[in-house]
Every structure is written in structure tokens, then in C-alpha cells.
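Structure first, commentary second.
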Amino acid sequence: MDRIRISGGRRLAGEVTIRGAKNAALPLMVAALLTEEPLILTNMPHLADIDTLAALLESHGVVVAPAASEPDSAGAATEPDERALSFTVPEITNTTAEYDLVRKMRASVLVLGPLVAREGRARVSLPGGCAIGSRPVDIHLDGLARLGAEIELRDGYIEASAPNGLTGGTVPLAFPSVGATENLLMAASLADGQSVIQNAAREPEVSDLARCLVSMGADIEGIGTSELTITGQPRLKGARHAVVADRIEAGTYAIAAAITGGDIELVGAVAEHLEAPLQLLEQVGATVSQTDRGFRISADQRAHAVDIATSTYPGFPTDLQAQAMALMTVAEGASVISETIFENRFMHVPELIRMGADITVRGGTAMVRGVERLRGAPVMATDLRASSSLVLAGLVADGETMISRVYHIDRGYERIEEKLAALGADIERVGT
């Protein structure tokens, strides 16, 4: 099993290209279940989670294949695009999402809405994924029930049926769940009549899915707001859509610049999708500036400690909490970090303490007292974002840090060790 070795203490500088967002690509892939025509997605990231979901979709009859880049000015075919995939499902051959596939990733539950909407039935295993909190699917199920689906939980599976099709309705979400909003957006796109999702998630990944659905023929109003109105269509068509840039990847490299006193341009990143994290970086003393290709983070002094509270978009994202904590461990002063989204998302704390961090956790709050230097140590990744926080800590620690269980980081970061090495880090992937 691979590990990542880091010798800390190097200032990072240069540029890094931000690819398509995993959290946008996954629901976009599932949207292919809504149409018989090809859905072509470009700017796709090369990640383990993409491969996992592709395998699940293939079990439902989806044909996944490389796609060509945009036709040239004369309309002639072009070479295959390594960042483009085509998803085609003329006929859904299976409406059961088996446990062995679904257990690997929670996003698998997104097939539920499209399968019920198109086929009138679905049997989907209760999902797995990172153990960072309960993340119950009852918000998904309540929403589908309000669209006319009959729901049963049996033997670890969600069984949903709507033999006469889904019908439009008003769905007030108890919490602005990203996954539930995406599931219901897709289901409502093929429902009979108008649906209104209230208290909808506003994350850029949700808006990216909505825009793709519109290009497929869906009628959606209120994109980017907390109330989405969907007028169902009898069928959707194929489309070509570019996956939005990964704001979490961008935020991670932005924090890497701040924690190492570096200077990094994030090419392809969208600053407006990171308003709260970029404000935080400015508060700790880093400089944020727009460029023609994205934005740039530079830092020439030790960070100042600031308090952080995670929240739904446009607040500070929970997916950057662990990385921000790594920054606070070496900041001047003390900070209070409050995690309001997932109850188990401080599992990286014991590993940071192994590296000399001064952190005290009480419930959903962590008190972080900055230290002058961290110390390299053998540490273990516990989930996707925790693994990136350990990489950030290793970049500034004295001596060598060896991170095991890096398959977690491969789920959401493409070749992170190569990108950081290109910025000047002493980092490599090693076998056991």
C-alpha cells in the first residue's frame, strides 16, 4: 500500500492547475441516467471516486467511453480528449445498486432519484463512504416521497417505486443538503408538473448540475438560490458540459501557499466560489489577488490565528476545515474551530497532535494554540480531507512525515504529490 513521504520546510512557489470538481463530476455522471442520448462531460478529474461511480453506472447499463474534444471550425472530428468522457444509456438494464458498489462511496445514493424518475422503481443499498458523520439519507427519501414515490427500507436497501411516474410537488428540505438537492433536482426534471425545492443547497456544484440539466432540456428556475423551481419534462436530451473547477482542491493549494509562506497561482480556479476561505486567508495575513487565469495567494509572514466556523455555502466549507486547522496549528495565537456540519470531522486531530500540534477538542469545537514548528512523524489518513491536512502539516514540519492510507487522498486529489513537488515541496509517493 502506498504512502506519501514529506520532508518539510520548503517554501512553495509557482502555478498549479485546478481541475474539474469531484463533487460536481459525480452528480453530473449520474445525470446520464435521465436520457437515452449521450452526455459528454469535459474537464473531468482523474480520481478513484470517478472510477468507482463509473463502475456503478455501468452496472445499470451506462456505456462509459472516452470522448473527442470539441469539433474544429469546419466541423471535423478531433482527437480524443483525455479529460472528456461520454455516458450513454439507451436502456437501463438494472435498477438495483448493489451493496458491494455503493458501500465504497456515499455519492452512489444519487442514482436513486434518476432511476425512479426514468424507470418507476429503484433498489439502492444504503451508502457508505468516509466515516465522518451519520449523513442520513432520510432527507432524500422524504423529498422523493413528496414527489409521489413509495419508499421502504428492507434488508439494508432503499426500495422506491412510482409505477405511474413521479409528480411535481413542494419539497421543504429540513437541512440544505447538497446530495438531497441534487437527487431531487434530477428526479423532478422528469416528474409530471412543477416541483419546488425549498431550503435548497446553494453550493457551486449544485448550480453546475442545474446548468447541465438545463442544457439537457430541463426547465429550472432559481439556480444559485435557496429555492429551485423545476417544471418536469417528458424526456431529456444529450448535452456537452464542462465540469466546474474544484473549489476544495483550489482552497487546499491556497492554504499550502499560506502555511509555507509561499506564492502560488491557482490556474482555472474561481475566486467567487471561495469567498469565505479567501477572506480567512486575508485575515491570517496572506495576500489574495486576481489573475487572468484564476487567482494568486502569497504570504511572507507567519499566519495570525483566527476563529473558524463551518457552514453551508456561501459559508466556510466543512471540506476545508481540516486544512484550515493545519494552518492554525502553526499560526501565531489561538483559534477556535467549530464544526457544524459533520459530528465526526475532527479525526485528523490525534494525528496532528502526533506532529506536535496543541489542540483540545470538546464536542464540535477545537481549541488550537499555534506552535512555532511541527515535527515530522508517521501519521495515518482517516478520511479524504483529513489526509490533505496531514500533507499540509508535513510541508512545514521539521524532519520527515510519512503518511499511510493515502488511498483516501486519491479519492479527491489528482497526483497531489506531483503537483506539490512541482511547486518546490520535497515530497514523493513510496511503496510499502
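The values are calculated or read from the model by the stated rules, or taken from the named source; none is laboratory data. What you see is a predicted model; the values in this text were computed from it and never measured. In this analysis, Cβ positions are derived from the backbone assuming ideal geometry, glycine residues included, and neighbour counts consider all displayed protein chains.
Only residues that are closer than 15 Å to Ile409 by Cα and among the aliphatic types (A, V, I, L, M): list them for the range 1-21, please.
Once the filter is applied, which keeps residues that are closer than 15 Å to Ile409 by Cα and among the aliphatic types (A, V, I, L, M), the range 1-21 yields Met1, Ile4, Ile6, Ala21.
Identify the single condition in (1) outside any loop (DSSP other than H, G, I, E, B); (2) surrounded by fewer than 20 Cβ atoms within 10 Å (Cβ to Cβ) that Ile403 does not satisfy, given that it satisfies every other one.
(2)
Among the listed residues Ala54, Ala25, identify the single one that is surrounded by fewer than 22 Cβ atoms within 10 Å (Cβ to Cβ), assigned to a helix (DSSP H, G or I) and modelled with pLDDT of 95 or more. Talk me through it step by step, then tell me what you get.
Working: Ala25 fails: surrounded by fewer than 22 Cβ atoms within 10 Å (Cβ to Cβ).
The unique qualifying residue is Ala54.
In the range 233-249, what residues are among the β-branched types (Val, Ile, Thr) and in contact with a strand residue (DSSP E or B) (Cβ under 8 Å, 6 or more places away or on another chain)? Reasoning before the result, please.
Filtering the range 233-249 down to residues among the β-branched types (Val, Ile, Thr) leaves 243-244, 248.
Answer for the range 233-249, where residues must be among the β-branched types (Val, Ile, Thr) and in contact with a strand residue (DSSP E or B) (Cβ under 8 Å, 6 or more places away or on another chain): Val243, Val244.
When you look at Arg415, is it modelled with pLDDT under 90, within 22 Å of the chain's Cα centre (by Cα) and of a type in the set (D, E, K, R), yes or no? Give the steps one after another, and end with the answer.
Details: modelled with pLDDT under 90: no; within 22 Å of the chain's Cα centre (by Cα): yes; of a type in the set (D, E, K, R): yes.
The answer is no for Arg415.
Looking at (1) modelled with pLDDT of 95 or more; (2) in a loop (DSSP other than H, G, I, E, B); (3) closer than 20 Å to Leu47 by Cβ, which is the only condition Gly424 fails?
Exception for Gly424: condition (3).
Testing Ala162 on (1) touching a residue at least 60 places away in the same chain (Cβ under 8 Å); (2) farther than 27 Å from Thr318 by Cα, one condition comes back false. Which one is that?
Ala162 satisfies all of (1) touching a residue at least 60 places away in the same chain (Cβ under 8 Å); (2) farther than 27 Å from Thr318 by Cα except (1).
Quick one: which of Glu265, Glu249 is among the charged types (D, E, K, R) and touching an Asp or Glu at 6+ places or on another chain (Cβ under 7 Å)?
Working: Glu249 fails: touching an Asp or Glu at 6+ places or on another chain (Cβ under 7 Å).
None of the other options fit; the residue is Glu265.
For the condition in contact (Cβ under 8 Å) with a residue 24 or more places away in the chain and out of contact with any Ser or Thr (no Cβ under 8 Å at 6 or more places or on another chain), what is the one hit in Ile6, Ile40, Ile50?
Ile50
Criterion first (charged (D, E, K, R), modelled with pLDDT of 95 or more and farther than 24 Å from Ala180 by Cα) does Glu203 satisfy it? Spell out the reasoning first.
Working: charged (D, E, K, R): yes; modelled with pLDDT of 95 or more: yes; farther than 24 Å from Ala180 by Cα: no.
No; evaluated as a whole, the condition is false for this residue.
A quick yes/no check of all residues on (1) exposed (fewer than 15 other Cβ atoms within 10 Å of the Cβ); (2) without any contact (Cβ under 8 Å) to a residue 60 or more places away in the chain; (3) on the phi > 0 side of the Ramachandran plot:
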{"site": "Glu265", "(1), (2), (3)": "no, no, no"}
{"site": "Ala269", "(1), (2), (3)": "no, no, no"}
{"site": "Glu275", "(1), (2), (3)": "yes, yes, no"}
{"site": "Leu281", "(1), (2), (3)": "no, yes, no"}
{"site": "Gly285", "(1), (2), (3)": "no, yes, yes"}
{"site": "Thr291", "(1), (2), (3)": "yes, yes, no"}
{"site": "Arg296", "(1), (2), (3)": "no, yes, no"}
{"site": "Asp300", "(1), (2), (3)": "yes, yes, no"}
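Among the residues of the range 250-263, write down those that are touching a strand residue (DSSP E or B) at 6+ places or on another chain (Cβ under 8 Å) and either surrounded by 24 or more Cβ atoms within 10 Å (Cβ to Cβ) or not in a strand (DSSP E or B) (or both).
As a first pass, look at the range 250-263 and keep what is touching a strand residue (DSSP E or B) at 6+ places or on another chain (Cβ under 8 Å): 250, 253-254, 256-258, 262-263.
Residues satisfying the conditions are Ala250, Tyr253, Ala254, Ala256, Ala257, Ala258, Gly262.
Quick one: would you say Glu332 is under 30 Å from Val137 (Cα atoms) and either within 18 Å of the chain's Cα centre (by Cα) or surrounded by fewer than 17 Cβ atoms within 10 Å (Cβ to Cβ) (or both)? Spell out the reasoning first.
On the way: under 30 Å from Val137 (Cα atoms): no; either within 18 Å of the chain's Cα centre (by Cα) or surrounded by fewer than 17 Cβ atoms within 10 Å (Cβ to Cβ) (or both): yes.
No.
Wholly within the range 161-238, which strands (runs of 3 or more DSSP E) include no fewer than the required count, namely at least 2 residues that are of a type in the set (A, V, I, L, M, F, W, C) and at negative phi? Full working, then the answer.
Values: elements: 170-172, 194-198, 219-221, 227-231.
The strands (runs of 3 or more DSSP E) meeting that bar are 194-198, 227-231.
Show the residue pairs that are 6+ apart or on different chains and have beta-carbon atoms under 8 Å apart, the first residue being within the range 372-392 and within 13 Å of Tyr407 (Cβ to Cβ), the second being of a type outside the set (Ser, Thr, Tyr) and assigned to a strand (DSSP E or B).
Filtered contacts from the range 372-392: Met380/Ile403; Ala381/Ile403; Ser387/Ile403.
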